[in-house]
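One structure is given below, encoded as structure tokens.
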Amino acid sequence: MAGKFEITKKGDGTFTFEFLIDEKAVGKSPVFDKEDACKRGVKAVKKNSRMKVQNTLQNDEEKTNPKYLVEQSGDKVKYTLFLQTGAVALEGEADDEAQALEIIEKIGNNANAAQMTMAEVVLSENEQKQIRIDKLKALQDAGKDPFEITLATQTHHSDEIKAHFDELEEKDVTIAGRIMTWRDMGKANFIDIQDRNGRIQAYVRMNDVGEDVFKEFKTWDIGDIVEITGFVFKTKTGEVSVHTKQIRLLSKSLLPLPEKFHGLTDTDTRYRKRYLDMIMNPDVKDTFIKRSKIITSIRNYLDNLGFIEVETPILNTIPGGAAARPFITHHNTLDMDMYLRIATELYLKRLIVGGMERVYEIGRNFRNEGMDVRHNPEFTCIELYQAFTDYHGMMDIAEALIRNAANEVCDSLHIVFNGTEIDLETPFRRLTMIDAVKEYSGVDFGSFMSDNEKAIAVAKEKEIEIQPGKATWGDILNSFFEEFVEENLTQPTFIMDYPVEVSPLTKRKPDCPVLTERFELFILGGEYGNAYSELNDPIDQMGRFEAQMKLREAGDDEANMIDHDFVTALEYGMPPTGGLGIGIDRLVMLLTDCYSIRDVLLFPTMKSLDGVNKKNDVNNTASEAPEKNVKTESEKIDFSKVKVEPLFEEFVDFDTFSKSDFRAVKVKECVAVPKSKKLLQFTLDDGTGTDRTILSGIHSFYEPEELVGKTLIAITNLPPRAMMGIDSCGMLLSAIHEEEGEEKLHLLMVDDHIPAGAKLY
């Protein structure tokens, strides 16, 4: 079965077209435009051809095999595959009828028409890739290998052409970019070209580019990268476009772009394949352009104040400058363990000792700790140090630096983050930690300064958990701040005068030695900056290092090690100095309205997809290593050392049991609960259409990222239980056992084919 149409020009200048099925005319009509005749002809052929195929499907005898239509379309052959109902399941183009039939046979014969679904008949990515590879080979055989091209011209970008249309109308321009959409109208086509700054439409007509070029052009694909020269014009609908005179293929896309009509939406894929994310979601690219502008504005501001940008080692022999767990690596030549830096502080202060007076570094830090919407194992931070000033001087710089960045990127000092307006114009509030705790908890720690026993009693009264080894007045004051104050600090607020216990590198307040000259900047309940009047007393510094070592020996792997060389540097003399650190990633989140830190990191840290290679053997050669990661047989599990709780001896009647509502739930989002080392907060789809929140104390067994998208089992009819100020509405089920004296936990995960809300019996 084949469909075609014929166009005849009449003496009066008008046209008629008639459409045929198997050479039999089934309709004709007069029109006044040749292009319109073509469009209407194609439409009529398709409509009548499909009707004929659909009618044949009413015959029960023919319902067992897929039906298809092959029709000539210009220089190509268009093929259409139909479902049993007559609905179109697959459309495409081939070079000739034989190739079209081959594709149809490959797909159609693999499935019974009565059982076919759209998913079963759509070409797989590998099949689409092979078709594109074949096209590339044809180009290469013809001596037109696009990958041999080394240079292309780009006189204008899309946004420039649109912004300056009045100046550029009818003038020639050359654009280059990726084909994103394609509207085929026979001998004339409209394509959308995406470049660095946006998209612009190009009109490609056979009469303008030549029959041979046009024929080759029709073999290209969405995703291909092209160069176009032509004049600027507006279509009848008023869209600024480029009328193509010359076009050439610069690079062949061998893989199809994802989700043609819906874009790339899956967050896991977006983070893993950021290049695709940027192609399909232009806003993402804009975020990272803004990130670059923010960093540039910071550099310019500090450079204008006379600061010098420096670079300090990333590989450290001693991790210092912050309380954090480091990553450990091994230097083979030196045969020694080294640490990825957790902060730049101690090296930068050595430079102050050396007389540089004003220094800063924008660089990556690495901390081997939990991951959530505000934390990533590697992150960018700016640290700056200025001699002959204190933490008040750092407050001024921090406020001005952030305000300057907002002006550069947002063009406003009143920004919106997740629906909350933030005022960066009004001078930031300045509040001591003692006053802040008094304001939000009602407890005045200033009335019992340094009284550890009183602090412990107040903590018990307010049900504040006291961590081992942290039962001092200062530690408990800090715990109160975290519990009662942090989340309330929405507008920019400097919290000043931290207790000495939580500020080991900070100068004490001369009038109150139990406190330090330190501040942290809080916005929207989160910390955006940390600053000190830097400790320059080497004797005091050594004492605090020793106190930190005792904590480390007691099991706190985030406590500081003793850096003897840094103490030696201080012994040569460091002037009074102010220091400031700001998390660049969090600042970018704030100024671009991004909820997750992963949205502002080009390539965030992700869990390996293979689930096997959890440890790398650095001694393996490149050829040997992959073989070790291949799972060749089912894992044999030894349960001989496993101990489980005894079974309950009492029976539970079926009536009682049946009242528990066990449901399959899907994890939409999972984050660590702030100020808790154990709790994860789950946002769950339970099939009702309303998100359900459940908290579970399993953070020591799972990281949030590995649970997103999983299907779990929950009891959904338990009464809400408040945990860390959050109502937990239900319970997730886990399997718990003991192994060699250590508790093991496995969250129950089920087949993802089970829908959310499915009830368990």
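Label-to-label distance for Thr656 and Lys641 is 3.7 nm, based on points extended 7 Å past Cα in the beta-carbon direction.
Cα-based values for segment 454-568, radius of gyration first and Dmax second, are 15.1, 45 Å. Across segment 642-750, the mean sequence separation of Cα contacts (distance under 8 Å, 6 or more residues apart), normalised by length, yields a relative contact order of 26 percent. Judged by the mean number of other Cβ atoms found within 10 Å, the most tightly packed of the peptides 682-688, 271-277, 447-453 leads the ranking 682-688, 271-277, 447-453. Classify segment 642-750: rounded, prolate or oblate, from the alpha-carbon gyration tensor (a ≥ b ≥ c, eigenvalue square roots; a/c under 1.5 rounded; otherwise prolate if a/b is larger than b/c)? Oblate, because a/c is 1.5 or more while a/b does not exceed b/c. Between the alpha-carbon centres of segment 655-686 and segment 490-566 there is a gap of 37 Å. Straight-line cross-link partners of Lys641 among the aspartates and glutamates, defined as a Cα under 16 Å from its Cα and at least 8 positions apart when in the same chain: Glu738, Glu739, Glu740, Glu742, Glu743. For segment 549-557, 3J(HN,Hα) computed residue by residue from phi via the Karplus equation (6.51, -1.76, 1.60; θ = phi - 60°) reads 5, 4, 5, 5, 5, 7, x, 7, 7 Hz, glycine and proline entered as x. Checking the a/c ratio against 1.5 first, then a/b against b/c, what shape does the Cα gyration tensor give for segment 160-223? Verdict is oblate for segment 160-223. Pairs over the 18 Å Cα-Cα cut-off, from the set Lys135/Lys218; Lys438/Lys678; Lys668/Lys710; Lys76/Lys218; Lys710/Lys744: Lys438/Lys678; Lys710/Lys744. For Cys729, Cys381, the sequence from fewest to most other C-beta atoms within 10 Å is Cys729, Cys381. Note on Lys171: aspartates and glutamates with a C-alpha under 19 Å away, same-chain residues under 8 apart excluded, are Asp159, Glu160, Asp208, Glu227, Glu239. Per-residue Karplus couplings for segment 748-758, computed as 6.51 cos²θ - 1.76 cosθ + 1.60 with θ equal to phi - 60°, are listed in order as 6, 10, 10, 4, 5, 6, 6, x, 4, x, 4 Hz, Gly and Pro entered as x.
Let me know the shape class of segment 185-259, please: from the alpha-carbon gyration tensor, a ≥ b ≥ c as square roots of the eigenvalues, rounded when a/c is under 1.5, otherwise prolate if a/b is greater than b/c, or oblate. Judged from the Cα gyration tensor, segment 185-259 comes out oblate (a/c at least 1.5, b/c at or above a/b).
Readers should treat all values here as calculations from the given coordinates under stated rules, not as data from a laboratory. Please read all numbers here as calculations on a predicted model, not as lab measurements. FYI the Cβ positions are ideal-geometry reconstructions off the backbone, even for glycines, and counts take in every protein chain you see.
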